[in-house]
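Reading through the structure tokens given below for one structure.
The values are calculated or read from the model by the stated rules, or taken from the named source; none is laboratory data. Here the structure is a predicted model, which is why all the values come from computation and not from measurement. Don't worry about glycine lacking a Cβ; one is built from the backbone with ideal geometry, like all the others, and counts go over all protein chains shown. These area figures cover heavy atoms from the full protein model, side chains too; ligands, DNA and RNA do not enter into them. Shrake-Rupley method; radii C 1.70, N 1.55, O 1.52, S 1.80 Å.
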Amino acid sequence: MPSLGADMEAGTLVEWLVKPGDTVTRGDVIAVVETQKGAIEIEVFEDGTVHELTAVPGASVPVGMPLAVILAEGEKPPAPTPAAVAAQPVETAPPERKAVPALPVAPAGPAGHHRASPAARVRAQELGVDLAVLQGSGPGGVIILADVDGAPIGGERQPSEPRSPIEEMRRAIAATMTRAKQTIPHFYLSQTIDVQPAIDFLARRNADRPPGERVLLGALFVRAVSLAASKIKIVNGHFVEGVFKPANVVNPGVAVALRGGGLVAPALMDAAAMDLDQTMAAMRDLVSRARTGRLKGSEMTEGTITITSLGETGAEAMAGIIFPPQVAIVGIGAPQTRPWVIEGQVVPRSVVTLTLSADHRVSDGRQATRFVSEFETLIQEPESL
Amino acid sequence: MNKAEIRAIYLQELSRIAPDIEPETVGDNDHIQEDLELDSMDVLNLVTALHERTGVDIPETDYPRIATVALAVEYLKGAMQ
């Protein structure tokens, strides 16, 4: 079970799209998994032949647990499980190993009092974790920060009360965004930019095209962000284990609001290499699959920067929260008609306010401002996009 | 194509784009963006679908004229003649 987001703990296998004996190639979609962010298509990591499907549809599988056995060319099937060859056990299990309960049992002790470190208490309160359901791993069984971070949020809830998909999604968003705000030192740069040239360019371009070939302003924003990020590399990549790793391609995550609430930000893979029509077609495809719940695992995990746009109507500015392990998010407000000075004359123009949220562990204002300037230059020459 | 048929196509495509919208609950004067919360991508997909189904190539400047069921039926009926 691959991790499809920093805070994912398990996924439910919905269906297999392969069977034993099938040949698979890296990148093939082989299964559908239900997560807090909806149904996601799982891609295989390697080439080979499906030997055995070890997980059954309907099962909740923790991240990291095998779902299937895939043999590379020439590879022998693994030995049967120890139970099948009891005479010669491959590994010896402790004789009285107890099954791990699905939910940790409450530790013995006075009701309402749980031994926990101050940091763990604060974190538990922030995340809505009930200390009573945690087993402490600190000295003398004290609950420490790591115990809280590894706990299911809202542990007070019994598994017999299933949460609605929208509740699950809100919890996933809450967990990711809380962690982002607590661990990433955000800073913000805003610039109001004249997008009249871009709007006029699209009006001319779309006028003689059938609806299926028209391009939205959002696609121009994605083009400008992709090109700017491929040049200003310090905003494009992942911060992992204390180190920034710039990405060599730009996979912009596009925040898509879901009807009924919630949002996902699947990535447009290698968007810098696309032209404007390809970008628009890829966005249409991504949005429709986000709405119907058929995104790929890679699209959920390989984004290198995120774009969140309020569309054509709405508030004029938005400072987004960085989606870890990324290091920047570009928030674009809805276009507004404002008095603007052009060559000494005040004229009405459509403007948008771009707000770059960036990670101060990786960059600072001087570098981030180069990204904003690059975006502004690009969006004012829409023909070049 | 008569008005009832145009209306049925419009509602069908609307609920295909936004499956949570039940066609029978859509009022004649419900605005697709202000009331039904379609975004610009949804509107473009609706326009594309209406173009495929009715042959009317709705230019961007006419989007306000398909913004409600009532407006769209009149507009498409007129454009198809």
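For segment A:173-184, state whether one or more residues are at pLDDT 85 or above and not in a helix (DSSP H, G or I). First the steps, then the outcome.
Residues of segment A:173-184 that are at pLDDT 85 or above, as a first pass: A:173-184.
Among the residues that remain, those that are also not in a helix (DSSP H, G or I) are: A:184.
Among the residues of segment A:173-184, at least one is at pLDDT 85 or above and not in a helix (DSSP H, G or I), which makes the answer yes.
A:Arg259 passes all but one of (1) free of Cβ contacts under 8 Å to residues at least 60 places away in the same chain; (2) within 14 Å of another protein chain (Cβ to nearest Cβ); (3) closer than 21 Å to A:Leu356 by Cα; which number fails?
With (1) free of Cβ contacts under 8 Å to residues at least 60 places away in the same chain; (2) within 14 Å of another protein chain (Cβ to nearest Cβ); (3) closer than 21 Å to A:Leu356 by Cα applied to A:Arg259, the lone miss is (3).
Which of the residues that make up segment A:186-201 are open to solvent by 30 Å² or more (accessible area, probe 1.4 Å) and either of a type in the set (A, V, I, L, M) or at pLDDT below 90 (or both)?
Residues satisfying the conditions are A:Leu189, A:Ile199.
Tell me, which residue of segment B:18-46 that is closer than 14 Å to B:Ala72 by Cβ and facing chain A (nearest Cβ under 10 Å) is surrounded by the fewest Cβ atoms within 10 Å (Cβ to Cβ)?
Of everything passing the filter in segment B:18-46, B:Gln33 is surrounded by the fewest Cβ atoms within 10 Å (Cβ to Cβ).
A:Arg291 versus (1) within 27 Å of A:Gln196 (Cα to Cα); (2) within 14 Å of chain B (Cβ to nearest Cβ): which is the lone unmet condition?
Against the list (1) within 27 Å of A:Gln196 (Cα to Cα); (2) within 14 Å of chain B (Cβ to nearest Cβ), A:Arg291 comes up short only on (1).
Tally time: how many residues in segment B:47-61 are assigned to a helix (DSSP H, G or I), hydrophobic (A, V, I, L, M, F, W, C) and open to solvent by 10 Å² or more (accessible area, probe 1.4 Å)? Break it down into steps so the answer makes sense when it comes.
Taking segment B:47-61 and keeping what is assigned to a helix (DSSP H, G or I), we get B:47-54, B:60-61.
Narrowing further to those that are hydrophobic (A, V, I, L, M, F, W, C): B:47, B:49-50.
Retained after the next criterion (residues that are open to solvent by 10 Å² or more (accessible area, probe 1.4 Å)): none.
Final tally of qualifying residues: 0.
Closer than 26 Å to A:Arg204 by Cα and more than 11 Å from chain A (Cβ to nearest Cβ) - does that describe any residue in segment B:53-60?
Initially, segment B:53-60 is screened for residues closer than 26 Å to A:Arg204 by Cα, giving B:53-60.
Imposing the further condition that a residue be more than 11 Å from chain A (Cβ to nearest Cβ) reduces the set to B:53-54.
Checked segment B:53-60: at least one residue is closer than 26 Å to A:Arg204 by Cα and more than 11 Å from chain A (Cβ to nearest Cβ).
Answer with yes or no whether B:Arg65 is assigned to a helix (DSSP H, G or I), within 26 Å of A:Gly314 (Cβ to Cβ) and touching an Asp or Glu at 6+ places or on another chain (Cβ under 9 Å). First the steps, then the outcome.
Numbers: assigned to a helix (DSSP H, G or I): yes; within 26 Å of A:Gly314 (Cβ to Cβ): yes; touching an Asp or Glu at 6+ places or on another chain (Cβ under 9 Å): yes.
So B:Arg65 passes the test.
Being more than 14 Å from chain B (Cβ to nearest Cβ) and over 29 Å from A:Thr192 (Cβ atoms) is the filter here; which residues of segment A:294-323 pass it?
Those that are more than 14 Å from chain B (Cβ to nearest Cβ) and over 29 Å from A:Thr192 (Cβ atoms): A:Leu295, A:Lys296, A:Gly297, A:Ser298, A:Glu299, A:Met300, A:Thr301, A:Glu302.
Answer with yes or no whether A:Thr183 is more than 14 Å from every other protein chain (Cβ to nearest Cβ), surrounded by fewer than 17 Cβ atoms within 10 Å (Cβ to Cβ), within 28 Å of A:Gly242 (Cα to Cα) and not basic (Lys, Arg).
For A:Thr183, the condition - more than 14 Å from every other protein chain (Cβ to nearest Cβ), surrounded by fewer than 17 Cβ atoms within 10 Å (Cβ to Cβ), within 28 Å of A:Gly242 (Cα to Cα) and not basic (Lys, Arg) - is met.
Among the residues of segment B:1-17, count how many are assigned to a helix (DSSP H, G or I) and open to solvent by 50 Å² or more (accessible area, probe 1.4 Å).
From segment B:1-17, those assigned to a helix (DSSP H, G or I) are B:3-17; that's our starting set.
When the remaining residues are screened for being open to solvent by 50 Å² or more (accessible area, probe 1.4 Å), the result is B:3-5, B:7-8, B:12, B:16.
The qualifying residues number 7.
Between A:Pro252, A:Pro246, which is surrounded by fewer than 20 Cβ atoms within 10 Å (Cβ to Cβ), away from every other protein chain (no Cβ under 14 Å), touching a helix residue (DSSP H, G or I) at 6+ places or on another chain (Cβ under 7 Å) and in contact (Cβ under 8 Å) with a residue 12 or more places away in the chain?
Details: A:Pro252 fails: surrounded by fewer than 20 Cβ atoms within 10 Å (Cβ to Cβ).
Result: A:Pro246 is the single residue among A:Pro252, A:Pro246 that is surrounded by fewer than 20 Cβ atoms within 10 Å (Cβ to Cβ), away from every other protein chain (no Cβ under 14 Å), touching a helix residue (DSSP H, G or I) at 6+ places or on another chain (Cβ under 7 Å) and in contact (Cβ under 8 Å) with a residue 12 or more places away in the chain.
Looking only at segment A:265-282, which residues are within 14 Å of chain B (Cβ to nearest Cβ) and open to solvent by less than 10 Å² (accessible area, probe 1.4 Å)?
Across segment A:265-282, the qualifying residues are A:Pro266, A:Leu268, A:Thr279, A:Met280.
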